[in-house]
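Chemist: I have a structure I would like to understand better, so I am pasting it below and will then ask my questions one at a time.
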Amino acid sequence: MSQFNYQDGLLHAEGVSLAEIANQYGTPCYVYSRKAIENSWLEFDRALRNQKHLVCYAVKANSNIAVLNVLAKLGAGFDIVSIGEMERVLRAGGRPDKIVFSGVGKRKDEMKAALRAGIKCFNVESVNELIRLNEVAEEMHIHAPVSLRVNPDVDANTHPYIATGLKDNKFGIAFEHAVAAYELASALAHVTIKGIDCHIGSQITTLEPFNDALLKVLELVEELKQLEITFEHIDLGGGLGINYEGEQPPARSDYIQTIIKTLNDVNVELVIEPGRSIVGNAGVLLTQVEYLNKSEHHNFAIVDAAMNDLIRPALYDGWHDIKRVEETSNAEEANYDVVGPVCETGDFLGKDRALRLDHGDLLAVFSAGAYGFTMASNYNSRPRVTEIMVDGESIHEIRKRETIDELMNGESLLPK
Ligand SMILES: *Cc1c(COP(=O)(O)O)cnc(C)c1O
């Protein structure tokens, strides 16, 4: 159930009016619902109650430390792709032995830091990374826990920029090279094989691709068993889609049921790495109309949020529902392109939206909790916006709006 609903004609996050938040903290700002985040993570966790498992939240979807802290309190694991993300998890109270480390470009210093912290597993994406990790672990006189990310070559039917499980993608070890890579891993003295993993893409709205990927991984597991290579865990990655525009993604519990049925082994630990599915629909971007520019050809609503705050429309053609905070309006309805102030034609939040608008109206851009703030930039020297977490009736400012001074922090003039 959505935690963003109209009450007395005003859009609310849980028990708090978004108009009240805009009034106190200004716009643009991101607003998240604690309950929505918790409920999504718990749906995965509960569906897995009869299976050894760990639900590792993919930090890159939304890495605010308050979000991480809320999940850490539930016992979540975390999927990280950098040492910056690891530090966030640790400072948010996440346990290192519940961290898995993904990503194709891990540096030596990142490997060292993660080994020192004692993470659960490295999701190794290439043979060269495996060799480097073995060297780094040897220098430290320890063993690195590893899982190899294999590329099952399945089509996730998603946007090409977020499909990662096709053989042409840069991610993971090609399926046909996986056995040789595991043989190498078992021969290397300073890595310990813990698991096998894959991640086929993001915003996947049917179950078949997940099932196909798991079947291929299970084929490998069988083949490797003949070579006496066995696993403590199987990690299926993330990628479950959400509803942006009327998509009907499978329920979290159905997704889990399908996986468990195919897996058919309660003794192996199942790891999943959902990001978008946990936070995507748990956040909105709140923005205000600055100008309405109308002509015979086009109506533009110029708002104070822009592509630097939410880049999904520009980057992936992402579609976000846009609604008024005040439910009703006397303004005439028109079709608007909702655009920001940035000097790029790609700077839009939504196109051709039927809205009743006046100057100063507040709008909520929905489903902005994932890949929203984490992808924000300072383009056009725009300070990054405030983040708010609503918890029942209370409002928490979990990140202050950047100041103009912070914008230039660390920059300097030449001496002459
Ligand atoms: C991005 C990513 C995820 C999370 O994907 P979602 O679509 O947000 O669930 C999980 N695992 C890996 C390796 C990723 O790169």
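Chemist: List every residue whose amide H lies under 5 Å from the amide H of PHE78, counting only residues 5 or more places away in sequence or on a different chain, with H placed 1.01 Å from N in the peptide plane.
Modeler: Answer set, sorted by chain and number: TYR57, ILE99, VAL100.
Chemist: Follow-up question, since we're still on this one. Let me check against my output: what whole-number percent is the relative contact order of segment 34-276, with C-alpha pairs under 8 Å and at least 6 apart?
Modeler: Working: 490 pairs, mean separation 49.8, N = 243.
Once divided by the residue count of segment 34-276, the mean separation gives 20 percent.
Chemist: Separate question: Could you please report the charge total around ARG132, scoring K, R as +1 and D, E as -1 over all other residues with beta-carbon less than 14 angstrom from its beta-carbon?
Modeler: Net of charged neighbours comes to -3.
Chemist: Here is a further query. Using packing as a proxy for protection, rank 136-143, 356-363 so that the peptide with the highest average count of other Cβ atoms within 10 Å comes first.
Modeler: 356-363, 136-143
Chemist: Also, quick follow-up: Over 28 Å apart: what share of the alpha carbon pairs of the chain falls there, rounded to a whole percent?
Modeler: That fraction is 51 percent.
Chemist: In addition: Show the residues, 5+ positions off or on another chain, whose built amide H is closer than 5 Å to the amide H of VAL342.
Modeler: The list, which skips near neighbours in sequence, is MET307.
Chemist: Quick one: PHE4, PHE101, fewest Cβ neighbours within 10 Å first, how do they rank?
Modeler: Details: PHE4 21, PHE101 28.
The most exposed by this proxy come first: PHE4, PHE101.
Chemist: Continuing with this model, one more query. Would you kindly derive the ³J(HN,Hα) couplings of segment 260-275 from the backbone phi angles with the Karplus curve 6.51 cos²θ - 1.76 cosθ + 1.60 (θ = phi - 60°), listing them in order in whole Hz, with x for Gly and Pro?
Modeler: 4, 5, 5, 5, 6, 7, 7, 8, 8, 6, 9, 10, 10, 10, x, x
Chemist: Same structure, new question: What do you get when you divide the Cα radius of gyration of segment 34-276 by 2.2 N^0.38 Å, with N the number of residues?
Modeler: On the way: Rg = 16.8 Å, N = 243, 2.2 N^0.38 = 17.7 Å.
Compactness ratio reported: 0.95.
Chemist: For the chain, what does the relative contact order come out to in percent, with C-alpha contacts under 8 Å and a separation of six or more?
Modeler: The value is 19 percent.
Chemist: Continuing with the same structure: Among DSSP beta bridges whose residues both lie in the chain, state the antiparallel percentage, nearest 5.
Modeler: Numbers: 35 of 72 bridges.
Among the beta bridges of the chain, antiparallel pairing accounts for roughly 50 percent.
Chemist: Hey, another quick one. What is the extension gain from VAL127 to ASN39, computed as 0.36 nm multiplied by their sequence separation minus the C-alpha to C-alpha distance, in nm to one decimal?
Modeler: Extra length available between VAL127 and ASN39 comes to 27.8 nm.
Chemist: Okay, moving on. Among the DSSP beta bridges whose two residues both lie in segment 34-276, what percent are antiparallel, rounded to the nearest 5? Display every interim value, and only then the final one.
Modeler: Values: 1 of 30 bridges.
So the antiparallel bridges amount to about 5 percent of the total.
Chemist: Can you list residues whose amide H is under 5 Å from HIS12's amide H, if they're 5+ apart or on another chain and H is modeled 1.01 Å from N?
Modeler: ASN5, TYR6, GLN7, LEU18
Chemist: Taking θ as phi - 60°, what are the ³J(HN,Hα) couplings along segment 96-106 by the Karplus curve (6.51, -1.76, 1.60), each to the nearest whole Hz, with x for Gly and Pro?
Modeler: Result, ordered by residue: x, 6, 10, 9, 10, 10, 9, x, 7, x, 4 Hz.
Chemist: In addition: Which whole-Hz couplings ³J(HN,Hα) result when phi for each residue of segment 345-351 is put into the Karplus expression 6.51 cos²θ - 1.76 cosθ + 1.60, θ = phi - 60°, listed in order with x for Gly and Pro?
Modeler: 5, x, 7, 9, 9, x, 10
Chemist: With a cut-off of 8 Å between alpha carbons and a minimum separation of six or more residues, what is the relative contact order of segment 78-176 in percent?
Modeler: Normalised by residue count, the contact order of segment 78-176 is 22 percent.
Chemist: Same structure, new question: GNM on the chain, C-alpha springs below 10 Å: top fluctuator among GLN288, GLN257, GLN203?
Modeler: Looking only at GLN288, GLN257, GLN203, the biggest GNM fluctuation is shown by GLN257.
Chemist: Using a 10 Å cut-off on Cβ atoms, rank the peptides 299-309, 166-176 from the highest mean neighbour count down.
Modeler: Final packing ranking: 299-309, 166-176.
Chemist: Can you list the lysines whose alpha carbon is less than 29 Å from that of LYS225, not counting same-chain residues fewer than 8 positions off?
Modeler: List returned: LYS52, LYS98, LYS106, LYS120, LYS167, LYS170, LYS194, LYS216, LYS261.
Chemist: Can I ask one more? Reachable aspartates and glutamates from LYS323, Cα under 17 Å, same-chain residues fewer than 8 places away excluded?
Modeler: ASP8, GLU14, GLU20, GLU245, GLU290, ASP304, GLU332, GLU333, ASP337, ASP352, ASP358, ASP361
Chemist: Let me know the charge dipole size of the chain about its Cα centre in debye, to the nearest 20, where only the beta-carbon of Lys, Arg (+1) and Asp, Glu (-1) is charged. All intermediate terms of the calculation are to be shown ahead of the outcome.
Modeler: Details: 40 positive and 61 negative charges, 212 e Å.
Value, rounded to 20: 1020 debye.
Chemist: How many nm separate the modelled label positions at ASP109 and ASP155, each set 7 Å beyond the Cα in the direction of the Cβ?
Modeler: 4.3
Every read-out reported here was derived from the displayed coordinates using simple, explicitly stated rules and does not represent laboratory data. Quick caveat, the model's predicted, so the values are computed rather than measured. As a convention, Cβ positions derive from the backbone with ideal geometry for all residues, glycine included, and neighbour counts pool all protein chains shown.
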